[in-house]
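First comes the structure, then the notes that go with it.
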């Protein structure tokens, strides 16, 4: 299964390791908040909508941070900006542990979004440019699987920390340990070089004296930019609607304890890792578009089943594996696909803007789920035959509609499997 790793050069493997690690710690620092939502809601008397708004603030600002990081990466290099983004979100997460009000946490989680959005954009571009086309889908997808690793570490930390400390201090400890990933910067500084494509593209840009970061909105590229944003927005909205609220759903609706909630989350996370890897291989085997369509369709069906079927908690535990498998597998192809859609001279700007605009727009899914859960509209009554609990129904409706949006965009987007990344195209 991993024979292709032996075909990579030493530099390619080190770059993959650095990007994988960066995305893993990025995931840890983001997912920590989803596990402490119930505690903070009780401590600060937050509503579901307010709790969702904090997640939304992180994601909206990440859209800005991702595009900014992409633009800066096109100008100053992928490796330098990657280090800055990792330090930024690590320190911001650490400071969240000292907050004493909803407003303070909202502000710091928004700041964290700048680094959160930038890290993926820069790391995925670096991998795409450093690894040959034959293995690009697998390499970028493998990097993406680092999200499941970081998510898993957050789940383990949640179970351990909340078992050792009382809830009033445990949530702070969860944020404080978010500073640890900053040490990854030392590894990157010593072992990861800049890509040759970047150096050659930068020389050409200096010679021509032209800046290309706004070219993604030119008549020749605007359709790719818009369709790419629809694709990422749909996938992100479905993902965040599910992962932000599943821990709360398991605890408040299913009545599970902290340890049981963590156990169910771990099953979803394990499924996520396998989903990332399976989709990574499929991207190089059947193509990017077919893989996206397959996983988006299955995500819609599995999320419906997870929130609506009258099944036992044991059956729900088992169903968590395919839920994680498909909602996470959706993302394996993004790094390679977006890199192949945009020319080298504006790859950072294009990839950073499209992926993180999806984050920003998809960020409205968590508060929407929270609002609908608190204030179910009248038309929810027509769906009572599917599921009557408002929070579960909200998760189901938002995630299914979001998957539909992503599938619509794929009708008009091109296939890029096997495309070589040239310096100028």
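Which angle from 0 to 90°, rounded to the nearest 10, does the C-alpha axis of helix 222-248 make with the longest principal axis of the chain? Once rounded, the angle reads 30 degrees. Compared with the direct C-alpha span, the chain from residue 222 to residue 301 gains 25.3 nm at full extension, assuming 0.36 nm per residue. Full extension of the segment from residue 91 to residue 104, taken as 0.36 nm per residue of separation minus the current Cα-Cα distance, would add 3.2 nm.
Per-residue packing, averaged as other Cβ atoms within 10 Å, sorts the ranges 13-19, 222-228, 393-399 into the order 393-399, 13-19, 222-228, beginning with the highest.
Checking (1) 77, 60, 35; (2) 59, 40, 40; (3) 61, 44, 41 against Cα extents along the principal axes in Å calculated from these atoms, the matching label is (3).
Cβ-Cβ distance of residue 411 and residue 47, R₀ of 56 Å, FRET efficiency by 1/(1 + (r/R0)^6): the value works out to about 0.90. Arranged from fewest to most other beta-carbon atoms within 10 Å of their beta carbon, 214, 413, 5, 126 become 214, 5, 413, 126.
Fewest-first ordering of 249, 337 by other beta carbons within 10 Å of each residue's beta carbon gives 249, 337.
Judged by the mean number of other Cβ atoms found within 10 Å, the most tightly packed of the peptides 339-345, 356-362 leads the ranking 356-362, 339-345. Cα axis of helix 390-410 to longest principal axis of the chain: angle in degrees, 0 to 90, nearest 10? Between helix and principal axis, roughly 20 degrees.
For the stretch 14-56, list residues with backbone N below 15 Å from a point placed 7 Å from the Cα of residue 173 toward its Cβ? Correct set: 36. In degrees, nearest 10, range 0 to 90: what is the angle between the Cα axis of helix 10-44 and the longest Cα principal axis of the chain? For 10-44 against the chain, the angle is about 30 degrees.
Counting every other Cβ atom within 10 Å of each residue's Cβ, 35, 321 order from fewest to most as 321, 35. Helix-only arithmetic for the chain: the sum of -39500 (n - 2.57) across DSSP H runs with n ≥ 4, divided by the residue total, places the mean residue ellipticity at 222 nm at -26000 deg cm²/dmol. Placing R0 at 22 angstrom, the Cβ-Cβ distance between residue 214 and residue 76 gives a FRET efficiency of 0.80 after rounding to 0.05.
Values quoted throughout were computed directly from the atomic coordinates according to the rules given, and no laboratory measurement underlies them. Just so it is clear, the model here is predicted, and its values are computed rather than measured. Neighbour counts are summed over all protein chains in view; Cβ atoms, including those assigned to glycine, are modelled from backbone coordinates with ideal geometry.
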